[in-house]
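The values are calculated or read from the model by the stated rules, or taken from the named source; none is laboratory data. Predicted model, so just to flag it, every value in this text is computed and none were measured. Glycine gets a Cβ as well: all are built from the backbone with ideal geometry, and neighbour counts include every protein chain shown. Ligands, DNA and RNA are excluded from the accessible area calculation, which covers all protein heavy atoms including side chains. Shrake-Rupley method; radii C 1.70, N 1.55, O 1.52, S 1.80 Å.
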Amino acid sequence: MSVLRLDGVTKRFENFTAVDNLSFEVPEGGIFGFLGANGAGKTTTLRMALDILRPTSGTLEVLGAAPGRRGDGEVGFLPEERGLYRQMTALETVIYFGRLKGMSRGDAESAARGLLDRFSLAAFTDRKVEQLSKGMAQKVQLAAALVTGPRLIILDEPFSGLDPVNQAVLEDVVLERAKAGATVVFSTHVMQHAERLCDRLLLLAKGRKVFQGDQEAARAQLPTRLTLTARADPRKLPGVQSAQAQGAARDGWTDWAITLAPGGDAGALLEACTGKGFALRRFDIHRASLHEVFLHLVGDAEATPTKSGQAGVAA
Amino acid sequence: MNAKLLVALREFRQITSTRSFWLTLLLVPAAIAISQLSVRLLQPPPGVAVVVVDQTGRYQGAIQQRFTYDRDQEVLSDLGAYASKWKVAAPKPEKWGPGDVWAEGPRLFTPADVAAFEAAGGLKTAQAELARVKPAGAPDFSPPKPGTMQVAPPAGLVTDKDAAAFAASLTPQMKLRVATPAGLRKIGLGVFIPADYGAPGVVARFYPDGTPRPMLVDSVRQELTAIQRADALKASGIDMAALAKIQGVRAPIDIAAPPEGGSREKVMLRSALPLALAYLLLLSIMMSGSWMLQGLIEERSNKLLESVLACVTPDDLLFGKLIGVIGVAILMIGTWVAVAVGAAFSVQGVVADFLRPALSSLSSPVIAVALVYYFLAGYMAISVLFLAVGVVSDSMRDAQAYLTPLILGITIPFVLILQSVLLNPDGPLPRILSWVPIYAPFAMMARLGSGVPTWELAGSGALLAAFIAVEFVLISRLFRSSLLQSGQTGGLLLLFRRRAV
C-alpha cells in the first residue's frame, strides 16, 4: 500500500509552473527522501499533499484518500518555514497542535511531555517560545509535528537551521519513527542526510521527476570509477571506458584513474585482470556519492531550458 | 473540541492577555468613576449670605420677599421633578390640594403658583403630603440646599453711619462666616441703602466679595427699581389703587406638563443606551479589529500559518478567529454593561439618575433583540474587513495603507450619523445609511431609541445578513488564495485573480 501517491500532478502559479506532471508513489514504511535544488518544487508538492495548496491538474492520494485535514492525526508535518506563537509556552504549543489534530487534552499533554523530554526540553516546558533559543523552538515544532504519533511524517527541510548536535538528534528521531512503523517523507537539498537516512529517493528538478529508486539505483546512474596501481596500461582491458595515469611511475608501478563503460562491472574487470595475469598492486572501487549523483542528474536537468519560466514562487 | 473553537479560544486568550485589552476594558468603569468625581468637583458653591443695611426701612422687606420667592421656585422645580420621576399619584379619594402645583411634574411655575404653594404651607406641607402618597421604594424628597439667604447685620457692622463706615466694617466680616438657618455662610454681598436714597444723585452701594454674582445683584436691583418706579408713578398723580391693579395683571396662560415620552429630553434619554452601544461598537471594533489584524500579521511574519494550515482548513482558521474576536467583544461589552448597571443601582447622583432611565429602553423586546442583533452583526461585518486587511498585508506598515481609509470610511459616517440622530432621529442621513450594510448597525442602533418601523428593521437586518454572507464567501476565497503568498504584491486584487489556489 502506498501512503502517498501523485498522478500527473501539475501546479502553476500564474505563468510559472512549480510542479510539472509529477507522478510517484511512496510505499508504506521506511524513509523516503524528496531531493532537489532550491526551487525544484519540493515544498509545493508537500503543500499539495497536505491540502494547503490545490493542484492545477492531476490527482493526489494521502493514506488512500484525497488530501485533507482528517483530524485523526495520521499525518504529521514540519514545514520548512518554522514559526510558533511566541506567547505560548513550549508545552501549550505542542498540546495546541495535538488538539487541533483531534487529540484530547489529556492525551496531548501526556504525549507532549514525553516528546519534550525526549528532546531534552523537559526543563523548558513552561517557558514561553519567545524565551527559547532557535534550536529549542525548532525542536518544539518537531514535537508538535509528532505529537499525534502519525503514520505518515512529512518533514520539509528538517535539518536546516539545526546545529550538528540537534541534527544528530533529529536523525535519531527519524530512524526511531521509521523503525516503529511510520513512513517518513523528508525533503532536503543536503545529500549527506539523505545518504544516511533514506531507503528510497526521488529527485526533482524544475518541478519534474528526474529519478526515483533506492540509493544503489541512484549510484548506478553514474559510471563506476576505480583506482588501479598496475605495471601495464589498463586501457585495453574489457569494459574500461577511460584510464588516466596519476603521476609518474615508481619502480615500474603507475596509479590509474579508471572509468568503466556504462553498465560496466568492477568484479568482471578484476576477473579479467586475474585471467590475463595483469599485475595489480591496488584495486579500489569508488562508490559514487549521492552528491555526485545529484549533480549529475539535477545538473543536467537544470541546464535544460523548459517552457516553465525562471523563478520559483513556493518551491 | 471543534477546530474552529480551538482557534477561537487561542485567539481569545491571546487578545485578552494583552495590556491594551485590559486598558480598554477599564475604559467604561473609569469613565463612570470620573463622571461621579467630576459631578462632585463641579458642584456649584453653597449659597452665600447677604447683608442689607436699609437706612430708609422701605426696601429690606421687598428684598427678603424676593429671596423667598426665588427659593420657592427652586423647591417647586425639584418637587415637580421628584413627582414625575417617582410617578407620585394623587391621594385617593382626595384630589391634589391647591398648593400642590408641583404634582403635575416639572414646568415653569408662575408667581400665582408660588403664592398658592406658600399659602398652602410651602415645603413642610408638600413633604407631609409626599410622605403619605409616595410609592414604595421612592426615597424621601430632599429639598435643594438654600441658595442666597439674607441675614441680620452681624455684630460689629456699622449700620448707622455712612457708606464708607459700613464698607470699612464689612471688609473684615467678609473674611468670616456668619450663622444662617442653613448653617455657616460666607457674606457674598453687602448692600448699603442710605437714609436719603431716592433723592437725586444718591446711590445704593453694593459690596460684593469678589465673586461675580450678576443674578443676585440684578434681583436686588429689580426690587429697588420696582419701589422707586412706584414712587415715581405716584408722584406723577397716577391712582395707586389702579396702578396696583394694573401691575397685578398677568396674561392668563396654563403651562401643562409635557406628554409622557413625547419630550425631546425623554427621547434623548431612551436613545442614550442605543447611542452609547453604537459608540461602544465602534470603539470595540476598532480595538479588537486591530488586535486581530496584529495577530494575523504576526502569524504570517512568524511563518506560523503553514503549520496551522496543515491542521485546520483556511475556513476553520478564518471563522475561529472571528468567533474568538466576537468572544472578546462580548466580554468587553458585557463587562461594560454590567459595570453600568451596577453603577446605576449602586451609586447615587447624576450618573445613576442618567443610567437608570436609559436602561429602560431594554424593556422593549424588539429593541433589545435588535440591539443585540445589530451589535453582533455589525461586529462580524466590520471584523471581516480588518481580517481582509490582515490577509493581504505582510506587515503592519503594509496594513496601514488599507487601515487608514478603512477607519476613516467607518468613523466619518459614524460621526455624521450620531450628529444627525441627535438633531433629528428620522432625518434622511440615518435613514439612508440604515440600508448601507456597513453603516446599518450604527445607524439603526442610533435610531432605535426614537422608534424604527418594524419593516425597516427587518429589511435592513436581512440586507445586513446577506452582506455578511457575501463577505464570508469573499474573505474565505481571499484567505485561501493569499495566506501563503507572503512577500508578493497584489493585495485585494488576489480576490479576483486567484479563485482556487
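Solvent-accessible area of the stretch B:49-247 (1.4 angstrom probe, protein heavy atoms only): carbon and sulfur portion equals 58 percent. In the protein assembly as shown, taking the dipole from charged Cβ atoms about the Cα centre, the farthest positive-side position among B:284, B:242, B:50 is held by B:50.
The mean accessible area for residues of the protein assembly as shown, using a 1.4 Å probe and ignoring ligands and nucleic acids, is 48 Å² per residue.
Legend: residues B:34, B:367, B:297, sorted from most to least accessible area (1.4 Å probe; ligands, DNA and RNA excluded), read B:34, B:367, B:297. The mean number of partner chain beta-carbon atoms within 10 angstrom of a residue's beta-carbon across peptide A:43-56 is 3. In the stretch A:53-134, taking the dipole from charged Cβ atoms about the Cα centre, the farthest positive-side position among A:123, A:133, A:58 is held by A:133. Other residues with beta-carbon under 11 Å from the beta-carbon of residue A:6 carry, at +1 per Lys or Arg and -1 per Asp or Glu, a net charge of 0. Basic side chains Lys and Arg get +1 at the Cβ, acidic Asp and Glu get -1 at the Cβ, and with that the dipole of the stretch A:1-91 about its Cα centre reaches some 320 debye.
Counting Cβ atoms of other protein chains within 10 Å of each residue's Cβ and taking the mean over peptide B:297-309 gives 6.
Taking square-rooted eigenvalues a ≥ b ≥ c of the alpha carbon gyration tensor, is the protein assembly as shown rounded, prolate or oblate, where a/c under 1.5 means rounded and, failing that, a/b exceeding b/c means prolate? Note, shape of the protein assembly as shown comes out prolate. Under the convention that each Lys and Arg Cβ holds +1 and each Asp and Glu Cβ holds -1, the size of the dipole of the protein assembly as shown around its Cα centre is about 200 debye. Going from the chain on its own to the full set of protein chains, the stretch B:1-30 has these residues losing 20 Å² or more of accessible surface (heavy atoms, 1.4 Å probe, no ligands, DNA or RNA): B:1, B:6, B:10.
Rolling a 1.4 angstrom probe over the protein chains, ignoring ligands and nucleic acids, what is the accessible area of residue A:24 in square angstrom, nearest 10? About 10 Å², ignoring ligands and nucleic acids. Surface burial for B against A, with a 1.4 Å probe and both sides summed, reaches about 2600 Å² of accessible area. Atom-type composition of the exposed protein surface of chain A places 48 percent of the accessible area on carbon and sulfur (1.4 angstrom probe). Evaluated with a Cβ-only charge set (Lys, Arg +1; Asp, Glu -1), the stretch B:49-247 carries a dipole of roughly 460 debye about its Cα centre, given to the nearest 20.
At a threshold of 10 Å², the residues of the stretch A:91-110 that become less accessible to a 1.4 Å probe in the full protein assembly than in their chain on its own are A:96, A:97, A:99, A:100, A:101.
Residue ranking by accessible heavy-atom surface, 1.4 Å probe, largest first, among A:119, A:283 comes out as A:283, A:119.
Residue by residue along A:7-13, Cβ atoms of other protein chains within 10 Å of the local Cβ number 1 on average. Between residue B:302 and residue A:1, the C-beta separation translates, for a Förster distance of 35 Å, into a calculated FRET efficiency of about 0.40. In this calculation the C-beta distance from residue B:395 to residue B:140 is compared with R0 = 45 Å, giving a FRET efficiency of 0.10. Largest accessible area first, the residues B:335, A:125, A:56 order themselves as A:56, B:335, A:125 under a 1.4 Å probe with ligands, DNA and RNA left out.
Each stretch of four or more DSSP H residues adds -39500 (n - 2.57); spread over every residue of the protein assembly as shown, this sum gives -16500 deg cm²/dmol at 222 nm. Modelled this way, with points 7 Å down the Cα-to-C-beta line, the labels at residue B:162 and residue A:54 are 10.6 nm from one another. Only one residue of B:115, B:59, B:127 has its Cα farthest out toward the positive end of the dipole of the stretch B:56-136, where Lys and Arg carry +1 and Asp and Glu -1 on Cβ, and that residue is B:127.
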